[in-house]
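Worksheet for the structure shown next.
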Amino acid sequence: HSMHDEEALDELHQASVRPLADDELWMERFIDYWSGAGHWRRMPELQREHAIRYATRTREVVQALLDDRAAHTNYTGIEVPVTLVGALRSPIAARRVCQILRSVLPDADYVEIDAGHMAPLEEPELVARLLKRHLERESQ
């Protein structure tokens, strides 16, 4: 999906600004954008039902993020320890955000993982290890 991020983001944006009677269709577009075509259909039914219950809230958050025009330089003042995690199989838009944050947070730790954008849900043990390492390092 990395070659079509602009088109996919535009599709998500259009779906967000017009009322969609079908929350399932919107969630399918959202999940497939972040996890690859067909991912929604491969998800267990219980996970899809759970996602549909939160479709309205998810759509609101997506819209807020799409509308956010904060300059990347706004983040230069962050003075707490930061670990950025770049997922190699994330859409190019997400990888680009990570690159931009690395440029304005030169003291941040950076970890690259062979995972997709939804790694916290799909590979929770990996993400838990990264969080644990960050917290242990920062508590010393």
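Bear in mind that the values in this text are calculations on the coordinates, not laboratory data. For clarity, every value in this text was computed on a predicted model and none was experimentally measured. Don't worry about glycine lacking a Cβ; one is built from the backbone with ideal geometry, like all the others, and counts go over all protein chains shown.
Principal axis lengths of segment 64-140 from Cα atoms, whole Å, largest first?
Cα extents, longest axis first: 33, 31, 20 Å.
Quote the FRET efficiency, to the nearest 0.05, computed for Thr76 versus Glu112 with a Förster distance R0 of 25 Å and r equal to the Cβ-Cβ distance.
With a Förster radius of 25 Å, E is 0.65.
Under a point-charge model restricted to the Cβ atoms of Lys and Arg (+1) and Asp and Glu (-1), what is the dipole moment magnitude of segment 82-140 relative to its Cα centre, in debye to the nearest 20? All intermediate terms of the calculation are to be shown ahead of the outcome.
Details: 8 positive and 9 negative charges, 34 e Å.
So the magnitude is around 160 debye.
Given an 8 Å cut-off on Cα distances and at least 6 residues of separation, report the relative contact order of the chain as a percent.
Averaging sequence separation for qualifying contacts and normalising by length gives 24 percent for the chain.
In units of 2.2 N^0.38 Å, what is the alpha-carbon radius of gyration of segment 11-133?
Values: Rg = 16.0 Å, N = 123, 2.2 N^0.38 = 13.7 Å.
Computed over Cα atoms of segment 11-133, the ratio equals 1.17.
Provide the per-residue ³J(HN,Hα) series for segment 51-68, in order, calculated from phi with Karplus coefficients 6.51, -1.76, 1.60 and θ = phi - 60°, each as a whole number of Hz, with x at glycine and proline positions.
Couplings: 4, 4, 4, 9, 4, 4, 5, 4, 4, 4, 5, 4, 4, 4, 5, 5, 7, 5 Hz.
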